[in-house]
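The values are calculated or read from the model by the stated rules, or taken from the named source; none is laboratory data. Computed from a predicted model, the values in this text were never measured in an experiment. All Cβ positions, glycine included, derive from the backbone under ideal geometry; neighbour counts span all protein chains shown.
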Amino acid sequence: MAGRGRRVVVIGAGPGGLAAAMLARAAGAEVTVLERAPRVGGRTAAIEQDGFTFDTGPTFFLYPEIPREIFAACGFDFDAMVPMTRLDPMYRLRFEDGRTFDATPDVARLKAEVARIDPEDARNVEAYLADNRAKFEAFRPVLQKPFLGLGAFADVAMAKALPHLRPWATVDADLKRWFRNPDTRLAFSFQSKYLGMSPFKCPSLFTILAHIEYGHGVWHPMGGCNAIPRAMAECLARMGVEVRLSEPVEAMTFDGRRATGVRTAKGSYGADAVVVNADFAHAMRSLVPDALRRRWTDAKIDSKSYSCSTFMLYLGVEGTFPEMAHHTIHLSRDYERNIREIEAGQAPFEPSIYVQNGSVTDPSLAPPGHSALYVLVPVGNLATGTDWRAIAAPYREAVLDRLKVLTGHDLRPLIRTERMVAPPDWRDMGIHHGATFNLAHNLGQMLHLRPRNRFEDLDGVYLTGGGTHPGSGLPTIFESARIATKLLAKDLGLDAGRVPESAMAEAAE
Ligand SMILES: Cc1cc2nc3c(=O)[nH]c(=O)nc-3n(C[C@H](O)[C@H](O)[C@H](O)COP(=O)(O)OP(=O)(O)OC[C@H]3O[C@@H](n4cnc5c(N)ncnc54)[C@H](O)[C@@H]3O)c2cc1C
């Protein structure tokens, strides 16, 4: 067999690392995954506590097509291993004055929802959806899969198409073409949340993310998004790949600029290729000597801008809340001020809050008569110095007070179990500046300007995960695994044909 005996070490068992391990194994490599934590999944792992299950991070699952293809390439059936429900409404937005907007793929109902914000805007819903679909279709000649468009901007032919796609405009500015009411625009720019960015800064090309939701659905894997990495670990076990938990990589080893393997407290692992899934900025700074890096030096990494962080409360509460949607985003009255505070590194005074009440869809998340509530507050990252050790406890109180106002429920007496995660906790998990969504997704840090999947500074090193191309979010992370592994398989003489084609591979090389 081609490439027989080639060894690949994967650093990190997050979604990207697990997908890369599956594909590298399918292509014929001998693969070892080393994971610092005692469980797989990284930011997509489960928190299991007192009979409740919470997703640590992702709760919105979009575009299952990519993991479906990855599983199939390895001989597994994604849908059988990860049963899912398509949500309708996909999510509810709730404005501070109590008005709500249910995002639904049903166009007639969607128009009615928009009409409740502004009847004038409702007239443009179909035109907006059609434009978004067309924008998406514009990529079809280049892309094999609709979601995979972003990397194609580096392609010369696509560069010519850029003027039509208005990449320099922000999401909010782009939406002004259709919607005059700022609240309608907010309702259709929520997707920049996936990138941890503000719609007032996020490049307009990301309006196509709305098409992923409206056209392809928002899904809930039963048991939570953590069911995905768990299923991947099961695949790896069946494929004979060892996932070594609680074994952090302490350093990568090199011969010149060529990676030769990694070192842990338990020993050394030689490798023909190393796949880095750990947070890019943190991994480079801690595992690779600065002097070996030409482009992504410590100074360069420090000069980059990073996404927001999040303050989390995972609450196991007594009672059920059938009136609370599966996903509700409570939008702050002064959304723009909220964003300015986040960008200044602060914990917003009157924050927007996202609440997942997954138990309405999935009773397995909590004991009978109870609910697993996931509360996410976007806050500033740690690049500027908020003293979270001092403010975390009072901030919890402020968030619970605010939830009482926003939801009408005083949750405190109902809490049976609880976990709090503040930005320093994310940092302690090895996430640079606690920036939960990695490098920000502004135009200066995207496409070829993002760290590349065949890492440009070192030989034999490949990147997968939210910090590399094409970006944060599960579909793009799985795509990064596919791109990285395709390149790796070609470079090592493995059976690259086993790795499904990626539309973005060319852009990434
Ligand atoms: C709060 C939150 C909400 C999110 N919501 C969504 C959402 O709704 N939808 C969506 O699509 N995406 C969402 N995301 C973004 C993204 O999908 C997840 O963060 C995802 O888990 C990132 O995957 P990854 O492959 O980049 O690696 P990670 O999940 O970061 O995993 C990296 C792994 O590397 C390990 N590691 C680090 N250093 C070492 C070392 N030295 N040695 C060995 N192992 C190491 C870590 O322990 C970790 O397991 C969210 C993220 C967060 C934090």
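Considering only residues in segment 278-314 that are surrounded by fewer than 17 Cβ atoms within 10 Å (Cβ to Cβ) and touching a helix residue (DSSP H, G or I) at 6+ places or on another chain (Cβ under 8 Å), the one that is farthest from Thr468 (Cα to Cα) turns out to be Asp290. Residues that are within 14 Å of the ligand (Cβ to nearest atom) and surrounded by fewer than 24 Cβ atoms within 10 Å (Cβ to Cβ) within segment 12-33 comprise just one, Thr32. For segment 456-469, the set of residues classified as closer than 14 Å to Ala481 by Cβ and either within 12 Å of the ligand (Cβ to nearest atom) or assigned to a loop (DSSP other than H, G, I, E, B) (or both) consists of Leu463, Thr464, Gly465, Gly466, Gly467, Thr468, His469, listed by residue number. Give segment 252-262 a look and list any residue that's outside any loop (DSSP other than H, G, I, E, B) and more than 9 Å from the ligand (Cβ to nearest atom), or say none. Within segment 252-262, Met252, Thr253, Phe254, Asp255, Arg258, Ala259, Thr260, Gly261 qualify.
Taking segment 53-99 as the region of interest, how many residues are among the basic types (Lys, Arg) and either within 11 Å of the ligand (Cβ to nearest atom) or on the phi > 0 side of the Ramachandran plot (or both)?
0
Report, by residue number, each residue of segment 108-132 that is within 17 Å of His216 (Cβ to Cβ) and either at pLDDT 95 or above or in contact with a helix residue (DSSP H, G or I) (Cβ under 6 Å, 6 or more places away or on another chain) (or both). Leu110, Asn132, listed by residue number.
Return the residues of segment 92-130 that are part of a strand (DSSP E or B) and β-branched (Val, Ile, Thr); say none if nothing qualifies.
Thr100
Between Asn357, Asn381, the distinction of being free of Cβ contacts under 8 Å to residues at least 40 places away in the same chain and either in contact with a Phe, Trp or Tyr (Cβ under 8 Å, 6 or more places away or on another chain) or assigned by TED's automatic domain parsing to the domain that holds Ile477 (or both) belongs to Asn357 only. Of all residue pairs spaced 6 or more apart or on separate chains, those with beta-carbon atoms under 8 Å, a first member in segment 398-409 that is assigned by TED's automatic domain parsing to the domain that holds Trp388 and a second member that is part of a helix (DSSP H, G or I) and crowded, with 18+ Cβ neighbours inside 10 Å are His409/Leu403. Within segment 263-313, the set of residues being aliphatic (A, V, I, L, M), in a helix (DSSP H, G or I) and in contact with a Gly (Cβ under 7 Å, 6 or more places away or on another chain) comprises just one member, Ala281. Pairs meeting the criteria (first residue in segment 279-307 and over 24 Å from Lys201 (Cβ atoms), second residue at pLDDT 95 or above and among the polar types (S, T, N, Q), beta carbons under 6 Å, at least 6 apart or on different chains) are Asp290/Thr297. For segment 470-501, the set of residues classified as within 16 Å of the ligand (Cβ to nearest atom) and in a loop (DSSP other than H, G, I, E, B) consists of Pro470, Gly471, Ser472, Gly473, listed by residue number.
For segment 294-309, indicate whether the set of residues that are acidic (Asp, Glu) and more than 16 Å from the ligand (Cβ to nearest atom) is non-empty. Spell out the reasoning first.
Here is the first cut: in segment 294-309, the residues acidic (Asp, Glu) are 298, 302.
Pick out the ones that are also more than 16 Å from the ligand (Cβ to nearest atom) and you get 298, 302.
Yes, the conditions are met somewhere in segment 294-309.
Considering segment 57-114, and only residues there that are of a type in the set (Gly, Ala, Ser) and under 21 Å from Tyr335 (Cβ atoms), the residue that is surrounded by the most Cβ atoms within 10 Å (Cβ to Cβ) turns out to be Ala103. So is Ala46 near the ligand (Cβ under 8 Å from one of its atoms), hydrophobic (A, V, I, L, M, F, W, C) and within 30 Å of Gly316 (Cα to Cα) or not? It is false that Ala46 is near the ligand (Cβ under 8 Å from one of its atoms), hydrophobic (A, V, I, L, M, F, W, C) and within 30 Å of Gly316 (Cα to Cα). State whether one or more residues within segment 135-142 are in a helix (DSSP H, G or I), over 22 Å from the mean Cα position of the chain (by Cα), farther than 30 Å from Met324 by Cβ and modelled with pLDDT under 95. Looking through segment 135-142, at least one residue is in a helix (DSSP H, G or I), over 22 Å from the mean Cα position of the chain (by Cα), farther than 30 Å from Met324 by Cβ and modelled with pLDDT under 95.
With the structure loaded, tell me whether Glu336 is acidic (Asp, Glu), touching a strand residue (DSSP E or B) at 6+ places or on another chain (Cβ under 6 Å) and either crowded, with 21+ Cβ neighbours inside 10 Å or not in a loop (DSSP other than H, G, I, E, B) (or both) or whether it fails that test. No; evaluated as a whole, the condition is false for this residue. His211 meets all of the listed conditions (1) touching a Phe, Trp or Tyr at 6+ places or on another chain (Cβ under 8 Å); (2) surrounded by fewer than 22 Cβ atoms within 10 Å (Cβ to Cβ); (3) modelled with pLDDT of 95 or more but one, namely (3).
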